[in-house]
Amino acid sequence: MLVDSFGRVATDLRVSLTDRCNLRCAYCMPPEGLDWLPKPELLTADEIVRLVAIGVERLGVTEVRYTGGEPLLRRELVEIVAATARLSPRPQVSLTTNGIGLARLAAPLAEAGLDRVNVSLDTLDRDVFVRLAHRDRLPDVLDGLAAAVRAGLTPVKINSVLMRGVNEHEAVPLLRFSLEHGYELRFIEQMPLDAQHGWRREDMITADEILGLLNGSFDLVEDEPGRRGSAPAELFLVDGGPARVGVIGSVTRPFCGACDRVRLTADGQIRNCLFATEESDLRAALRSGASDDDLAARWIAAVGGKKPGHGIDDPSFLQPSRPMSAIGG
Ligand code: SF4
């Protein structure tokens, strides 16, 4: 089991498959992009599957989420998902994506064993999309969402980040759109993980503000209050339900005390927290001939040293040097 010194057990493995992305969202990276990880440093598909198998079969991982950068850019994605779904015990297999390319890949991914998908969508306005993501790809994202439903990857979830002066006016339209199409919408507070280190707390739209923006147009009642557990989203029934909307107050309402996550980067580093400043290098061990037992022992040790929380409010808080695109969401 992957247990830390506070007794939390990591069962939710997030695996970044690439640091590359076909968008340039302002809260993630600069318009010119970043220096991508060199290809020889990336884990091969076989190396990824071997490490995921160790996590699932020896270390108690029950959910595997593939992330990026943009995971749909990884050519072997369908094969990696298929190999993951063949593990025993079979884990839940999910994907966090910007949706570009999902129109083509949703059906083969579902067939390979993908269970669920989260699609990032911050705006329904094509001009705002271009301003925010520096690419004119909103129609591709909308096509991807529809394809995910057709492929049965339901409930399809949408992740939205609201930014002051950019898209905060879209809180209500985004929820209306999600209700209309049967998508489950989650608003997420913006976190200090951008490569430009431009995050400022006062620019962040807080969970309270998000609820304030929605409350004027919808009747929101907390769904199963007190039952949040390790789930990051506080869920609200919309207009009596059954449709729900989630608000993830990563900064103002942290859920670190119940965290069950651990991350594997595309270059084979274990990160015990999104904000970890230290990593454990499984790639070097794996490529120098480490056995599965040895890799599992290193992984257990890496999780053992997990801190109690992200500490964003702590005066000594340091943003990790690795940008979000190279960590995974
Ligand atoms: S910030 Fe770190 S400890 Fe907190 S929920 Fe995220 S990964 Fe877990």
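Selection within the stretch 301-313: residues that are under 18 Å from Val262 (Cα atoms) and surrounded by fewer than 18 Cβ atoms within 10 Å (Cβ to Cβ). The member of this set that is nearest to the ligand (Cβ to nearest atom) is Gly309.
In the stretch 265-277, which residues are more than 11 Å from the ligand (Cβ to nearest atom) and of a type outside the set (Gly, Ala, Ser)? Of everything in the stretch 265-277, those that are more than 11 Å from the ligand (Cβ to nearest atom) and of a type outside the set (Gly, Ala, Ser) turn out to be Thr265, Asp267, Gln269, Ile270, Thr277. Elements of the type strands (runs of 3 or more DSSP E) sitting completely within the stretch 165-264 and holding at least 1 residues that are away from the ligand (no atom under 16 Å from the Cβ) and closer than 19 Å to Tyr27 by Cα: these cover 184-188. When we screen Gly329, Gly289 for residues that are in a loop (DSSP other than H, G, I, E, B) and surrounded by fewer than 20 Cβ atoms within 10 Å (Cβ to Cβ), the only hit is Gly289.
Is one or more of the residues making up the stretch 307-321 of a type in the set (Lys, Arg) and within 16 Å of Leu42 (Cα to Cα)? No, the stretch 307-321 contains no residue that is of a type in the set (Lys, Arg) and within 16 Å of Leu42 (Cα to Cα). For Glu41, the test of being out of contact with any Ser or Thr (no Cβ under 6 Å at 6 or more places or on another chain), surrounded by fewer than 21 Cβ atoms within 10 Å (Cβ to Cβ), at pLDDT 95 or above and among the acidic types (Asp, Glu) is passed.
Consider Ser280 carefully, then state whether it is among the hydroxyl-bearing types (Ser, Thr, Tyr) and in contact with a helix residue (DSSP H, G or I) (Cβ under 8 Å, 6 or more places away or on another chain). Taking the combined requirement at face value, the residue satisfies it. Pairing each residue of the stretch 143-154 that is modelled with pLDDT of 95 or more with any residue that is among the hydroxyl-bearing types (Ser, Thr, Tyr), provided the two are 6+ apart or on different chains, yields C-beta distances under 7 Å for Leu145/Tyr183.
For the stretch 176-207, name all the residues that are over 22 Å from the mean Cα position of the chain (by Cα) and either of a type in the set (Ser, Thr, Tyr) or over 21 Å from Ile158 (Cβ atoms) (or both). Listed by number, the list holds a single entry, Glu202. Does Ser280 qualify as being more than 12 Å from the ligand (Cβ to nearest atom) and among the small types (Gly, Ala, Ser)? It is true that Ser280 is more than 12 Å from the ligand (Cβ to nearest atom) and among the small types (Gly, Ala, Ser). Residues that are of a type in the set (Phe, Trp, Tyr) and under 29 Å from Phe317 (Cβ atoms) within the stretch 197-251 comprise just one, Trp199.
The values are calculated or read from the model by the stated rules, or taken from the named source; none is laboratory data. All of these numbers come straight from a predicted model, not from anything done at the bench. With ideal geometry, Cβ positions are generated from the backbone for all residues, glycine too; neighbour counts draw on all protein chains shown.
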